[in-house]
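> Encoded as structure tokens, here's the structure I'll be asking about.
The values are calculated or read from the model by the stated rules, or taken from the named source; none is laboratory data. What you are looking at is a predicted structure, and each value in this text was computed from that prediction instead of being measured. Here Cβ is always computed from backbone atoms with ideal geometry, including for glycine, and neighbour counts include all displayed protein chains. The protein model used for the area step is the full one, side chains on, heavy atoms only, and it has no ligands, DNA or RNA in it. Shrake-Rupley method; radii C 1.70, N 1.55, O 1.52, S 1.80 Å.
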Amino acid sequence: SALSEINDHEAAVLGMVENDNGKWCYSVHLLDSGESWDVMENDLKSTGRMMLREDFYDGDSVTVGVDPLTGEGNIKG
């Protein structure tokens, strides 16, 4: 399967979204490699462990502007 290379790797859920079919998809951050993957709910196994937002985000942010004609985004700064 497409997820075979990340089977048995520990990851943290950073986000989730429900698709049009009512199924949940999760954005996960692999703790050993730092890669991010999108994974369907039924492909995940809970460890029961919890991490804090601060473990992943330092509080910095950026402002993004979007050109209304092209839909193209750019970082303002």
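> Where the only charges are on Cβ atoms (+1 Lys, Arg; -1 Asp, Glu), what is the dipole of the chain about its Cα centre, to the nearest 20 debye?
200 debye
> Positive end of the charge dipole of the stretch 34-77 (Lys, Arg +1 and Asp, Glu -1 on Cβ, about the Cα centre): tell me which of Thr70, Met40, Leu52 has its Cα farthest that way.
Comparing the listed Cα positions along the dipole, Leu52 ranks first.
> Still on this structure, I have one more. Check which residues have an amide H placed less than 5 Å from Leu14's amide H, if you skip close sequence neighbours.
Correct list: Ser27, Val28, His29.
> Here's a follow-up. Keeping the other protein chains in place, figure out the carbon and sulfur percent of the accessible area of the chain, with a 1.4 Å probe.
It is 48 percent, rounded to a whole number.
> What value does the chain have for Rg/Rh, both radii from Cα atoms and Rh as Kirkwood defines it?
So for the chain, dividing Rg by the Kirkwood Rh gives 1.06.
> When only DSSP loop residues count, what chymotrypsin sites (Phe, Trp or Tyr not before Pro) in the stretch 1-76 have their Cβ near at most 12 other Cβ atoms within 10 Å?
Those that pass, being in a loop and sparsely packed, are Phe56, Tyr57.
> How high is the relative contact order of the chain, in percent, with contacts defined as C-alpha pairs under 8 Å that are six or more residues apart?
17 percent
> Provide the per residue accessible area, probe 1.4 Å, for the chain, rounded to a whole number of square angstrom.
Accessible area per residue, the chain: 86 Å².
> Then there's this: List, in order, the whole-Hz ³J(HN,Hα) value for each residue of the stretch 29-46 obtained from phi through the Karplus relation with A = 6.51, B = -1.76, C = 1.60 and θ = phi - 60°; use x for Gly and Pro.
Rounded to whole hertz, the list is 10, 5, 5, 7, 10, x, 6, 10, 9, 9, 9, 6, 3, 6, 9, 9, 10, 6.
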